[in-house]
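The values are calculated or read from the model by the stated rules, or taken from the named source; none is laboratory data. Just so it is clear, the model here is predicted, and its values are computed rather than measured. Cβ placement follows ideal geometry from the backbone for every residue including glycine, while neighbour counts extend to all protein chains displayed.
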Amino acid sequence: MSLPPPEYLEYLHELMATARIDVPEIVLPEEHHVILRRMRFRYLDWGRNDRPVILFLHGGGLTAHTWDVPCLVLRQEYHCVALDLRGHGDSEWSPEMDYRIEAHRDDVEALVEHLGLDQFVLVGMSLGGLASIGFASRRAARLAALVLVDVGPETRMEGARRIQDFIAAPAEFRSIDEVVERAMSFNPNRDPRFLRKSLLHNLRALPNGTLTWKHDRRHRGKIDVEEWRRRRLALWDEIPNITCPTLVVRGARSDVFLDEDAEKLASTLPRGQWVRVEGAGHTVQGDNPRGLLEVMRPFLAATSAV
C-alpha cells in the first residue's frame, strides 16, 4: 500500500503547513530500485544532482518516508536520498533473515559504491544510526559529516523493550483505524490526521483483506538479545575511528537514549557534539521535524558539506 501521488502531494502540503515550514516548492521524490548484494532495494531520490548528497537511513519498523519533511526542506541545498533498509518498506526481505548491524552496514556500503558517493553526509536514526556508525568507522574519509539521531552503542532497556513490544505485537489489523489506534497508544504525541496517511506507506494488504506491516517480522522472537547487545556494545571500539564531524541528536522525551548517553557518545567521538530537540521522543524526525532541522542546518553549514 502507499498514498497515490495526488494524496501524497496533498499530505506533504499539510505536513509542511502544520510544521510551520515554508519551502519554495513541494515535490514528490523519484522512486528507484536497485540490486545490491543479490537483494533488491528501494530508495527515494529528491533530486538536485548538482548539490552535495545527504543519505538518510531510517529506524527499525519505519521506512524511507519517515524523512519526507527533512528531505523536502534540505533539498533546497542538498541532494537528498532516503533508503528503505533490508526487510523494510519496499526493499526485499533477507532470504536468510540476516538483519545484523553488519548486514545493514554492508548494504549501505554497496549503495554508496553504486551511487558513486564521496564527501557526502550520512544521517541515521536508531537502527539506521547503528548502520551509520558501522559505515563511518570504516569509511570516515568518504564522509563530509555524520548525524546520529537518538542512537548510540548503548540504549536504555526499558525504552528499548517498549519499542520491541510494539513491533513484535500481533500485527494483523481489520482497518486503518485499528492501526492508528495502536500507533497512537504507543506514541500519543503524533497527530492522528497525518499518522493515518503516513502509515499507508508502511502497510500491506493480506489475501484475507486485513492489513499488516511491510517490515519482515519472521525473525521476531528468534533474536538472541544478549548477542544483539554484545554487537552493539562492540561499536564503542569503532567510535574513535569516526573522524568526520559528527552531530549526536537526542529527542528530549526519548526513553531510549538519555542526555548522559548522548554526552558520552559525543565526548568519545573525535569530532563530536550533541544537541537535544525539545518536543520529540525517539522518532525525532516525525515528532518535531522543524526542531531537527533547526539543529541540523547550522551543523551542516559549519562542515565541508556545503
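Looking across ARG290, ARG271, ARG276, one residue alone is closer than 26 Å to GLN164 by Cβ and touching a residue at least 24 places away in the same chain (Cβ under 8 Å). It is ARG276. Checking the conditions here, which among LEU211, LEU206 is loosely packed, with under 13 Cβ neighbours inside 10 Å, modelled with pLDDT of 80 or more, within 28 Å of SER94 (Cβ to Cβ) and not aromatic (Phe, Trp, Tyr)? Residue meeting the stated conditions: LEU206. The residues of the stretch 2-19 that are more than 21 Å from the chain's Cα centre (by Cα) and not in a helix (DSSP H, G or I) amount to a single one, PRO4. Only residues that are over 15 Å from SER126 (Cα atoms) and either hydroxyl-bearing (Ser, Thr, Tyr) or touching a Pro at 6+ places or on another chain (Cβ under 7 Å) (or both) were counted across the stretch 219-238, and they come to 1. For ASP107, the requirement of being crowded, with 18+ Cβ neighbours inside 10 Å, farther than 26 Å from TRP236 by Cβ and either over 14 Å from the mean Cα position of the chain (by Cα) or modelled with pLDDT under 95 (or both) is not met. For ALA141, indicate whether it is more than 19 Å from the chain's Cα centre (by Cα), surrounded by fewer than 17 Cβ atoms within 10 Å (Cβ to Cβ), at pLDDT 95 or above and at negative phi. Against the criterion (more than 19 Å from the chain's Cα centre (by Cα), surrounded by fewer than 17 Cβ atoms within 10 Å (Cβ to Cβ), at pLDDT 95 or above and at negative phi), ALA141 qualifies.
Of all residues in the stretch 126-185, those satisfying the criterion of being under 28 Å from LEU206 (Cα atoms) and aromatic (Phe, Trp, Tyr) are PHE166, PHE173.
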